[in-house]
Amino acid sequence: RALSQVLFLTPHLPGFLLRRRLRSHLLELGHLDRALLRLGLAQLSQEELRAACYLRGLNSTHLGTAQCRAWLEQWLRLSCKLEASEASLLAHSMVLLSLNYCQAKD
């Protein structure tokens, strides 16, 4: 339910609907990640980097451009290796990578 707020999903839905929407959102995010990997992070502006991090669960307001790029590179390495059947692993990774990254920088 906490992750649903980051991903712009209504957390007050019944569990089975929330899981379905979350899985759908994560699959779409996987497609975006593969496209972003092909494009290359060097092509993104600072605002686009921050938006990409935010969409993947990281609050990047207190991070510099290099930190956003490093986190996004780490995210893409993980995300693009996972299959569609591993969407749950991607969701949990989103939480772990975001929380641990913020704590490491404090």
Worksheet item: Distance in nm between label sites at residue 77 and residue 27, each 7 Å beyond Cα in the beta-carbon direction?
Response: 2.9 nm
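Rank-order 76-86, 18-28 by packing density, defined as the average count of other C-beta atoms within 10 Å over each peptide's residues, highest first.
18-28, 76-86
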Worksheet item: Which whole-Hz ³J(HN,Hα) couplings does segment 15-28 yield from phi under the Karplus relation 6.51 cos²θ - 1.76 cosθ + 1.60, θ = phi - 60°, glycine and proline marked x?
Response: x, 5, 6, 5, 4, 5, 5, 5, 4, 4, 5, 5, 5, 5
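Only the coordinates and a few stated rules stand behind these numbers; no lab work does. Here the structure is a predicted model, which is why all the values come from computation and not from measurement. Don't worry about glycine lacking a Cβ; one is built from the backbone with ideal geometry, like all the others, and counts go over all protein chains shown.
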